[in-house]
Each structure stands twice: as structure tokens, then as C-alpha cells.
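Each reported figure results from applying straightforward, stated rules to the coordinates on display, with no laboratory input. Being a predicted model, the structure only gives us computed values, none of them experimental. Counting neighbours? That spans all protein chains shown, and the Cβs are built from the backbone with ideal geometry, glycine included.
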Amino acid sequence: MMIPGPRHLARLSRLALVIGLCTGLLCAACPTSVYAEGKAPSKQDISAAKHYYELGAASYEKGDYRTANDEFQKAYDLSHLPDLLFNLSRVAERLGRRNEAISYLEKYLQERPTAPDRPDIEMKIETLQKEDREQKAREAEKTAPVKGQGTPVPEVAQVSQVSGVSGVPGVPGTAQQKTLS
């Protein structure tokens, strides 16, 4: 095992200081209005949320979207930072949950009405809604009967006998014929 030298320790100390300052400034600079419930989370909650965010980001990068969703949700539950709603929307989209992704983005805009990325988010919502409508239309086309074909023919046609006539009612090519009585 290598023992770090003074230069390495100094570099690590500076890095830790920068990370600490950035986290502290973020918490101090964010007015309570950026939090979903209007109250700032505790330092312990922010620390835990950061941990869950990092786990979620790593899972997202690996393509493990279910785990990423769970970790981002834990981070949001602790911190109530609206920016995590954006991450949750990306995960929902990757999991094929368009409506959930739309809901997260709408909630993000509701909680950050002056978000600098508002136009981009609104455009993303419109795109997801359009994709959802198109998918529903494609699904409806698959289940709709073919025009001009009428009611679909059942797999097993029933033979009816009405006053000495048999055949398959309503099915072309199965002319009804008289039966011997």
C-alpha cells in the first residue's frame, strides 16, 4: 500500500474543500422556495440525498434504470430539490413510462416556475405527449377491424339450422344449403 505524499494530501485537501464549499454554497444560496415543500432539509438529509443521487447516477450510467429510479426517488424524498424531478423524468422515459415522465417534468416546472430551462422542458413535455398520442394511435390501428371487412370471423364458425337450411351465416363462400329432413 502506498502512503500518500504531501503533494497528494494537499491535492486531496483542496478537492475536499472545493466539494464542501460547493455543497455549502448550494444549500445556503438556495432559498426555501426551491424546495418542493417550502422548507429546507437538514444537513443530514442533504448528505444522505447526495449519497442516493450518486448511486442513482451510477445506476443510470450502467443502464440500470429501475435502481436509478429508486435511488433518485430516495434523494428527492430527503431533499425535495426540484432538479431531482428532472432526473426522475429521464429515468421514467427510459423505462417507457411517458406519462410518468411528463408528470415529473410538469411538477418540476410547478416547483421552479422561473426555471432557466423552462422553454426546453416545455418542449420536452410536448414531444413526450406527441409520442404518447402517436403510440396510442398505432395501438388503436392494430386492434381496429380492417375497413370493408365487417366483423371479424370467429375462429370456429357455428352452423345454424333454421327451417331446413344450414350454413355459416354472414360468412362469404359458405352458401346455405337445404338439408334433408
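Ordered by the number of other Cβ atoms lying within 10 Å of each residue's own Cβ, fewest first, PHE72, PHE86 fall into the sequence PHE86, PHE72.
Cβ crowding within 10 Å ranks SER59, SER47, SER103 as SER47, SER103, SER59, fewest other Cβ atoms first. Evaluating 6.51 cos²θ - 1.76 cosθ + 1.60 at θ = phi - 60° for every residue in segment 109-123, the Karplus couplings come out as 5, 5, 7, 10, x, 9, 4, x, 9, 3, x, 5, 5, 4, 5 Hz, glycine and proline recorded as x.
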